[in-house]
Every structure is written in structure tokens, then in C-alpha cells.
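Step one of this worksheet: look at the structure below.
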Amino acid sequence: MRSMQRAFALGSLFSWRKQAELAEARPRRKRRVVLRLWVGGTIVLIVAMAGLLAPVLAPRDPTAQDLLNRMKPPAFMSPRPSPFLLGSDGFGRDILSRILYGVRVSLVVSGSAILVSGVCGTLLGLTAGYYEGMAGSIIMRLADMQLAFPSMLLAITVVGIFGVSYVNLVIVLAVSGWVTYARVVYGKTRALKEMPYVLAARAVGATHARIIRRHILPNAFGVVIVIATLQVGQMILLEAALSFLGLGVPPPDPSLGSMLSEGRNVLAIASWLATIPGLVIVTAVLGVNFLGDGLREVLDPRTRIQ
Amino acid sequence: MNRFIGKRLLQLPFSVLGITLIVFVLIRMTGDPVVLYLPPDATQEARAQLTRQLGLDQPLPVQYGVFILNLLHGDLGQSLYYKKPALDVVVSYIPATLQLMGTALIVAALLGMVLGLTCAFWKGSLFDTFFVTLSVFGQAMPSFWLGIMLILFFAVNLHWLPASGRGTWANMVLPTITLLMYLLPSTLLLVRSSAIEILAEDFLTVARAKGLSQRAILLRHVLKNALNPTISSLGLQMGSLMGGAIVTETVFAWPGLGRLSVEAVLSRDFSVVQAAVVVLATWVVLSNLLADVANSIIDPRLQAG
Amino acid sequence: MRRSKIVSVTAILVASLVLLAACVPTAPGVPATAPAQPAPSTAVPAQPALPTTAPAASKVIRIATAQGCTTMSISLAGGMGPCEIQIHQIFEPLTWRTVDGKIVPLLATSWNMVDQNDWQVKLRQGVKFQNGEDFNADAVKFSYDKALDPKNNWPIRSNIQLIDRVDTVDNYTVNFHTSKPWPDFPFFAASVYIMPPKLTQQVGDDGLIANPVGTGPFQFVEFVPGDHLTLKAFDGYWGGRVKIDQVVWRIIPEPATRVASLQAGETDIAAQIPMDLLPVVKGDANLHVDFANEQVTLQLFMDTLPANGSPVADKRVRQAIDSAIDRDTIWKALMGGVGAVNGQMLTPGIFGYDPDIKPNPYDPDKAKQLLAAAGYPNGLKLQLQCPVGKYLVDRDACLAIKDQLAKVGIDVQANIMETAAWAPYLQDPKKRADMIYVGWYSYGNPAQAMQWFSKTQAWHRWENDQYDQLFLDAKTNTDDKARQQDYFKMAEIVKEEVPSVFLMQQAAPYGVSNRVLNFKPHPIQYIDLLHVDLKAPK
């Protein structure tokens, strides 16, 4: 649900940047875009590498428990030298190692969920926006229904019937996420199809498929990218809520979300348990955001930089 | 206009029916409320009796048919755990929900308008950058982290505000801030982007050339054009916030609909889940409709569809 | 230009967030409130927000619980219903279970088995309901008939359906006719609340739910589901008016918030404090922790039925698991020093508890040998179903057990599930798992907990004829010595056969403000306010 409220913000973020940049001088804009790509790319690269190289980088086994050394503070907060660079969690597991592996799990899970929901949502939004009529009404009312639907119920049902698994988790997350794309793409498509060049293309007898493929989709792509980049954070947070009830990543596998919710109770005495994964999430989201923004810039036909 | 409203209102029952059907089937797939309701050493006979009483021994289509028939009479069943009509239970949670959501939405809308416009006018300034960055942060920040931190800081350490519960305005402050953290970014960015868009458009250049004062420009054109997306987003938020502020409601012990529906799902109180979904679905559809209508009143060019 | 701005703003934001996190006390030993501020819990105007009808000078105690109290209907009460604690303040049963697990008179003054199938109960005289109605034999008959009526389907009925007839002998004597000899009657009589018959007939069941009236020490004032319930002292209480004037029950589901509300002085007692937050309460100069060890043993309930084909059907595998779990470490780390390690179904103080039975020592080598002997030298895979939030320690204990069993080669798939998904594994023969993490309550009555190993229980997962004979004998034998010997023998068999791997006795920890006097936690999560008082605010 939360992600839904953001749909519009995301769209606006996109158009804000576009407009701001149109007004700017070309060389400066180009420099800025390159910069964004660099900053975002670097963050994302670091995060992705951290996840990818987790087995090499992690100082300990992320699931190895040491119950007698639980909730030890990070080395920089600890008065005594600590074997745990970023502290240990409620089972005495090494937070650094869990973060490294958790990044990996969270990126794969939220990435797949975003891919699935993005593709489905975009297609549904396109269909509804382009053809409108009966199909459009049904799709958009489906979106309404999704909004009123308790996503917890879906998660419980899916997990109850098929058990906890990564695939099921991705399905639950994707079902909760598609509305955002569908709504924004719907609005975008309706606006785009009245554009003079689309009307012109239709007048010269272009097929619907061709119009969608050549004119609508490329122009709607930017906004989809923006939503997708911001949904990275949303998906991780949703997974956190689900893992609280054992509906998320199967424990004891680490994920940023489950680490976040495991630290929920002890914010008052061991704030690092939730704060460290929280900061990683925020950083990753910022990086993905910058990168996505730069990419959109490069891909967008109208603002494409030669 | 009237035809459009009529059409959407006509779709309303179908949306509600659709979602109740899905929820009705799904919740029955999640397990048997009897198992949770009766003690584990309850006899088979007591279980069978309760199952009969709840109508769960009937085939699913029959159960749904009965549900729809009763729905038409305004009867959404009896709550297993509240021991009163499920609809009454849901309705009793609405005032608290509206109070918090309404405040948060209004503050988000007003603050978002003001901040968004300011950001747009001084695009690229430190002020602008601060709020845009804050927005990106706000979107990625876990509500419970912020909520608990606010409680620890303002209620436990400073003793300025109550930690939880519902009562005076003071109880509203912390949950409202927590909600704002994810409501404000969308409104702010939205207003900002539309304002920048409008400020760059030709008719404003013409208006300026005509010698209209800055303030007149702001009010007449920018505000009016910035209102549209704000209303659409408000409509969406209005719809989704009713049932979607679960974390904030839980952290601040706020008796809201989101918490109610999750608790009902977890305790398998089928009729409360169904009643909540009927109310929420109606609310979502109506608030979206309201937003569309408001938009086409403000800007008649936008014939909503 | 722009980048530096973004970077600096980001830095400021991160810094402020970290600061906010740092402002929060990190060391449990440091009091959250500066000592310069004397007793903020009383100095601070304690939540003017909550509606109170009592005058300002009155003694109002505010209690925070986790579970949502949903209804004032006594139909849900009697076991561990959602509003059990609250309803118990308004309504009273005939007998009561004390803090030390004894059955004492409440609305009854005495009871005895006049013959094998009849219990005769003398009622307390001069007791009035809060509406002025007299408490008498009619009220008892009325209430029991209601609880026993199959049409009403009260959860408590399963526990008392051995009663087949309730007769009033005279105004203050009631005869309970049971279909079988039933020594446990006084125990279960503590679960049936007595309601006023005339009023109930007048206003109906719904009327009594909307405005509950009982004989208890507190009277109903206001109930807002999901938020709070307000009760006030009943002046005409037969046991003498309680010392506090009003009690406000608040529902605060988030544990961190519950503790924060206690620290902020908004609540006086907070129930169900998670172990990890106990240091916060202990570290606050205005608060302390009170706990009761509960009458429940957390355990891994095994599916030993050969027909189900689980590896744990082999006794040696169960014994291996028993030896492979390091209870002491789990208890120290996850229970924070409250509760106790326990090696049998019953808990200390319960009739039939055998102090000579100790939990098996932690011995991973022995576990490996046992596994090899059972034909699993290379380990095996097992399923463990585990609820989340049902017990004080559940999810975390399961994950710790998974880790410990992995060390002897048992690969446990720990399925953490919400309670409603977990419950069917105990009660639905079609849903099976090798092990279920469960805590069986005795509520002070040994048979209540021991029944889960008996064939008489429909959902048993272990069969042992000798155990069953002992169990049935203990249930109906009226000689206490013999009954106790029965329970000792049962415990020995269980110890040898390991139908369950016992872990720990659960505790119920409360965070309590220092202004609360005479609060004594109850071993089954009741909150007894009869003697509780509040220090006058300074």
C-alpha cells in the first residue's frame, strides 16, 4: 500500500528532473547527468559487489550463532576491542557478514519482484490507457481493488498453501507492487496518445502495435524506470514487514528487511541492530535512484544526450 | 460530468463484489477459525457445532451466496471475537482512522503545496536541495524506526509528548510526523514538478510580458495548475492510507482500520476481514472518484474517464 | 556545485539521524531520565489524554497489555481469552487459583463431593452484583447452564461438559451432577464466571456485553476497542473496596512502545515485556521488573506415531535431540534469566511435579552416537513448526535450536509461522510435522498438561499403554498420595521415552512503576489488583 502512495511522487520526480534539465544549458546538463551516473553507479556497484563478493568479504558465517556474545555493539561504539566490526545481533551473529549476505538476498528478491511487477504493471497500464473502454475500466478497477486489499492476507494465504520460499515471496511482493506502474503508465499513455506525433502516426495508418512499440513505450519508459528505482526501498521495507511474521525470507537467511525487523524491539538498547541495515537500505536506494535517473536520461528519446 | 459520475458509481458495486469474492475465498484458504477459537482440548463435537454455526460446513459457493444475500440487507455477519456485528466493529474504528489520516493528509497537502512551490521558485537552492533529498530519504526510511525513535526522544527523554494512544492533540503529533514522512515527499515533489513545468510554459512568459505581478502569476496560474496532480495524489493517498498505515498505527497504539484488519486476518475473524474490505474498497473507489471529479471541476479540459 | 550540495545535505541528514539514534540511551545501566529530574513518572502530568471520570485526586492505575481486548463478553473467557484479565476484574467465578497455584474459595465458600458423581457447593452469602441484584444459587445455575448450552458454544464448555446437571438445593447451595467422577471440578470452577440472571434476562446477552455487571471488585465504565477499557472500584464489593479508584487498561501492541509508555510515565504496569527490553526497564530508576514463573513448559512436541513415518518415531533420535540442545545457554541468552530450565511437563509447585527429574545434560557427542545407532550417521532432516509471538520466547528459541541441532548433524527446517497457521499442526491430523514448538499450560492442574501424551486426547502424537493407565487413574483417583505417585511414574516414563523434548519454564515479566505497591504477578498471566495500591503523587 505504501508504495502506492508514492506512485505520483515518483512520476513527479521524473518530470521535475526532465523539466529542470530542459531549462538548463546542454553542456551543464550533460555534466550533471554524467555525474549522477557516476555517483549512483559507484554506490550501486559497491553495494552489488558487496553482495556478490559476500562469501569472500564476510568475516564470519552469517548464520553462525554465538549466543553468549549477543548484541555486542559495533567496534566503533565498543569500549573494548570487539571481534564484531558492526556489532552482533540477538543471536550473536556477525552483523557485517549478515549485511553482506543480506544485500545479496534483498537485491535479488526486490530486483525480481520489481521486474515482475514492472513488466506486468506496465503492460496492464499500457493496455488500459491505450484502449480504454471496457478493458481499461476493468484493469483500473482491479487496481482500486488491489488498494483495498490487505497484502498481509495475500502473504498469509500464499505462505500457508505453498510454504515459505523465495519464489513465493517474490510473487507476493510483485502482486503488491504492480498497481503503481499500472496507474502511472495508464495516465502517461492517455496523455501520450493524444500527442500530435502519435495522432500523425495513426493518420498515416500505423498499427496499434507499432504505435505502442515505437511511440508510447519508449516515452513511458522513463517513468517506469523511476518507479522501479524507488521501489527498491519499498520492496525491502515490505519484505521487512512480512518477515516479522515469518512470511518473508526464510530464516535464518539474512535479508536487509528481516534484519531491520529483528532490531525493531531493541531500538532503545541496541539501536545498531536496525539502524545499520536501515542506513544500508537508504544508501542503496539513493544510489539506485541516481543511477536510474541517469539511465533514464540516456534512454529517453527526447532528452537523449548525443 | 454526471454521466461520468454515474458510470463510475455504477462500477462501484462490481469493484466491491470483486474484491469481496477474492478476499472471501483467500481468507478461507488460510485456515479454520475454529482451531484458533476453541481451546486445543475442545471436543470434536464442539468443533463441529461451531463450524456449523459459522456456516463453514457449507460449500464455498453457498457460503458466498449467503454472504451476498446478507450484504444486500446490510448485514456483514457477526464478529467472532468482538461479539457484535462486524460492520459495527469496523465503523467504530473509523473516527480514529479519519482523525489521524485526515490530519496527516491535510498537513501533507498544505505543507507540500507551500514547500513544493517554494522549492520550485528557488529551484536549485539549498532549500530546494534539502527538501528534495529529504523526500528521497523519507521514501526509504522504515516507519517503525522513525516512530520508535520519535517516541524515545520526545516522550521518554524529553517528556514533551505522549508516547502512544489516542486523546488530545498532543497524541496526534508523533504519529502525524511519522505519517508525514511518507506522505509529504509525494505531495512536495508533485507540486514542485508541476510548478516548474508551468513556470517554464509559454503562457506565463506572455503573462509576465503583459505585466502581471509575481503574486498574481503565482495565484492565478501556478497554483491552479499545481492543484490538479495534488488532488489526484490526495485521492490516492486517501484511499490507501485508510488501510495502509498499519505500522504507524501499531507503533503508536492508534486504534485504526489498518491495525484492525491485520489483527482480524491474524485471528481469522472472517466477518471482520470481509466487512473491513467492503468498507475500504468503497472508500478507495469513492476517494479516487472524488479526486477525478474535483480535478475536472478545477480544470474542465480534463474530462476524466 | 549541485553535487556538493546533495552530498552535504545527505551528510547532514545522516548525521542528524545518527544523532537522533545516539540521543537514545544505549547503555542499559544508564537511567534514561537524568537524576536531576526527580521521579518524572509522577511529576509529569500523566497523560491528560485519556478520558477519566474520576476526580483528579483519585488513584488511577494504568496498565498496558499487548493483546487486543475485543469484547466484554464472558463467553470468550475461562481459558486464556483475549480479555481474560480485564473481565476477571468485573466478574468472578466460584473458585480461584492463587499466585502459588492453589484453589481457594471465591464466590463459593466450600465444596465437597457428596458422592462419586455429585459436587455440592456452598455459596458466599451477602454478595451483591454491581446492579444491586443478589448473588445466589439461581445466578450460579443460570451461568452454568449458559456455559454448558451447546447452542452457545462457549470455548469453556469443552472443559466442563462432564457436568450434566446443575441443581439449586437451597438459596446458597448448588449441586453439580457429573456424568463421571470428577476430582478436577474445583479447578475448572475457576473458569466459569457468574452473571446476574435477572439483569441478563432483562437486557439480553448483548446488553450485558455492552454494559457488563458482575460481582467483582471493579465496575465497568467505558470500553473503546483497540484503545482502552476503563473500570472503577465497586464500593459494595463483598471483599471490601479495593484501594485504587480506577483502572485504565490500554492496548499497546508494539513492545518498544509499551516500555516507552512506562518510561514516559503514561502507564504504571506494562505486561509482556520482551526479554531484550528488560534491561531498559531495570535501567530506569523509576521502574522495576516483576515476574512470575508461569505454569507452562516450552517444549518440542514430537510426532512419534509410526504411521506418520517421521524419523523421530525412533526413540534414539528423540533422545539425541534431547542431548543436543544446550538449554542453559538458550535460557541465559534468550530468557534473560527469568523463568527456568525445565526437564518435565509440570512446573515447580504444581501437584505431581517431581523435583528429582532434571533435564538431560548437554552432550553433543552422546547425541551423535545415538543418531548413528538409530541409523543416521550422516545426519537427517527434520521439520520444526514454530509460532511467532505466541510465547514469550518462540521464534528465537526455534532458531537457536536449529543452530544447535545442526552441530550434531540434524538439519532442522524451522518454519516460523503466525499463530493461526501454526495451531492446526497441533489439532489437525492431516497437518503433521516432526516437531512442534509448543508450551502446554497446566493452569495449576497436572492433568491439564499431562493429557497431551494420552490416547484419550484426540491429537496425541505418542502412544504408551502404561502411561494411559496411570493418567486415567490419576484423573479419577481421589487418594492424593496415589495420584502423586501416578504423576511421578508418568514423568519417569516420559523422561525415558521422550515424547517431548522439554526446554524451559516460561515467565511472565512485567515492567512496573515504583509508585505501584503490592503488585504480584500471577503464574497464568492474570493481574490481581485486589491489594494493589498507588503511592500518593508528590
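The values are calculated or read from the model by the stated rules, or taken from the named source; none is laboratory data. The structure presented is a predicted model; accordingly, all values stated were derived computationally and were not measured. Positions of Cβ are backbone-derived with ideal geometry, glycine not excepted, and every protein chain shown enters the neighbour counts.
Please name all residue pairs, on different chains or six or more residues apart, with Cβ atoms under 8 Å, provided the first residue is in segment A:268-287 and is within 10 Å of chain B (Cβ to nearest Cβ) and the second residue is among the polar types (S, T, N, Q) and part of a loop (DSSP other than H, G, I, E, B).
Filtered contacts from segment A:268-287: A:271/C:26.
Working carefully through the options A:87, A:92, find the one that is within 14 Å of another protein chain (Cβ to nearest Cβ) and touching an Asp or Glu at 6+ places or on another chain (Cβ under 6 Å).
That would be A:92, the only listed residue that is within 14 Å of another protein chain (Cβ to nearest Cβ) and touching an Asp or Glu at 6+ places or on another chain (Cβ under 6 Å).
Among the residues of segment C:292-310, is any surrounded by fewer than 24 Cβ atoms within 10 Å (Cβ to Cβ), among the β-branched types (Val, Ile, Thr), at pLDDT below 95 and under 30 Å from residue C:106 (Cα atoms)?
For segment C:292-310, residues surrounded by fewer than 24 Cβ atoms within 10 Å (Cβ to Cβ), among the β-branched types (Val, Ile, Thr), at pLDDT below 95 and under 30 Å from residue C:106 (Cα atoms): absent.
Look at residue B:94 and say whether it is at pLDDT 90 or above and either buried (at least 18 other Cβ atoms within 10 Å of the Cβ) or not β-branched (Val, Ile, Thr) (or both).
In short, no.
Which one is farthest from residue B:260 (Cα to Cα) among residues in segment C:279-291 that are within 14 Å of chain B (Cβ to nearest Cβ) and not in a loop (DSSP other than H, G, I, E, B)? Please lay out each step first, then the result.
At the first step, the residues of segment C:279-291 found to be within 14 Å of chain B (Cβ to nearest Cβ) are C:280-281, C:283-287.
In the following step, the residues that additionally are not in a loop (DSSP other than H, G, I, E, B) were identified as C:280-281, C:283, C:287.
Numbers: C:280: 29, C:281: 29, C:283: 34, C:287: 31 Å.
Looking at residues that are within 14 Å of chain B (Cβ to nearest Cβ) and not in a loop (DSSP other than H, G, I, E, B), I get C:283.
Can you find a residue in segment B:289-304 that is surrounded by fewer than 24 Cβ atoms within 10 Å (Cβ to Cβ), within 10 Å of chain A (Cβ to nearest Cβ) and in a helix (DSSP H, G or I)?
yes
Just for segment A:52-108: of the residues that are free of Cβ contacts under 8 Å to residues at least 12 places away in the same chain and of a type in the set (S, T, N, Q), which one is surrounded by the most Cβ atoms within 10 Å (Cβ to Cβ)?
The extreme case among them is A:82.
Just to be sure I understand, how many residues within segment C:391-402 are farther than 17 Å from residue A:263 by Cα and touching a residue at least 40 places away in the same chain (Cβ under 8 Å)?
Summing the residues that are farther than 17 Å from residue A:263 by Cα and touching a residue at least 40 places away in the same chain (Cβ under 8 Å) in segment C:391-402 gives 2.
Looking at segment C:394-501, what helices (runs of 4 or more DSSP H) fall wholly within it and have at least 3 residues that are buried (at least 17 other Cβ atoms within 10 Å of the Cβ), within 11 Å of another protein chain (Cβ to nearest Cβ) and in contact with a strand residue (DSSP E or B) (Cβ under 8 Å, 6 or more places away or on another chain)?
C:395-406
Could you grab the pairs with beta carbons closer than 9 Å, sequence gap of 6+ or different chains, first residue in segment C:137-154 and of a type in the set (Asp, Glu), second one surrounded by fewer than 19 Cβ atoms within 10 Å (Cβ to Cβ)?
The qualifying pairs are C:138/C:168; C:138/C:171; C:138/C:198.
Condition test on residue B:107, is it within 14 Å of chain A (Cβ to nearest Cβ) and closer than 28 Å to residue A:278 by Cα?
So residue B:107 fails the test.
So, residue B:157, is that one over 16 Å from the mean Cα position of the chain (by Cα) and closer than 16 Å to residue B:248 by Cα or not?
No: the conditions fail for residue B:157.
Give me the helices (runs of 4 or more DSSP H) completely within segment C:182-278, filtered to those with at least 1 residues that are surrounded by fewer than 23 Cβ atoms within 10 Å (Cβ to Cβ) and more than 20 Å from the chain's Cα centre (by Cα), ordered by residue number.
Passing ranges, in order: C:185-188, C:197-210.
With a cut-off of at least 3 residues that are in contact (Cβ under 8 Å) with a residue 12 or more places away in the chain and buried (at least 23 other Cβ atoms within 10 Å of the Cβ), name the helices (runs of 4 or more DSSP H) lying wholly within segment A:138-203.
Those helices (runs of 4 or more DSSP H) span A:151-162, A:166-192.
Can you find a residue that is at pLDDT 90 or above and out of contact with any strand residue (DSSP E or B) (no Cβ under 9 Å at 6 or more places or on another chain) anywhere in segment B:180-194?
Yes, segment B:180-194 contains a residue that is at pLDDT 90 or above and out of contact with any strand residue (DSSP E or B) (no Cβ under 9 Å at 6 or more places or on another chain).
Looking only at residues in segment A:120-137 that are within 13 Å of chain B (Cβ to nearest Cβ) and of a type in the set (Ser, Thr, Tyr), which one is surrounded by the fewest Cβ atoms within 10 Å (Cβ to Cβ)?
Among them, the one singled out is A:131.
Can you go through B:16, B:66 and tell me which one is within 30 Å of residue C:210 (Cβ to Cβ), more than 14 Å from chain C (Cβ to nearest Cβ) and at pLDDT below 90?
Answer to the selection: B:16.
Looking only at segment A:185-242, count how many residues are within 25 Å of residue A:44 (Cβ to Cβ) and of a type in the set (Phe, Trp, Tyr).
Result for segment A:185-242: 1.
Would you check if there is a residue in segment B:80-90 being in contact with a helix residue (DSSP H, G or I) (Cβ under 8 Å, 6 or more places away or on another chain), part of a helix (DSSP H, G or I), among the basic types (Lys, Arg) and within 14 Å of chain C (Cβ to nearest Cβ)?
Checking segment B:80-90: not a single residue is in contact with a helix residue (DSSP H, G or I) (Cβ under 8 Å, 6 or more places away or on another chain), part of a helix (DSSP H, G or I), among the basic types (Lys, Arg) and within 14 Å of chain C (Cβ to nearest Cβ).
Just give me the residues in segment B:160-178 being outside any loop (DSSP other than H, G, I, E, B) and in contact with a Pro (Cβ under 7 Å, 6 or more places away or on another chain), in sequence order.
Answer for segment B:160-178, where residues must be outside any loop (DSSP other than H, G, I, E, B) and in contact with a Pro (Cβ under 7 Å, 6 or more places away or on another chain): B:170, B:171.
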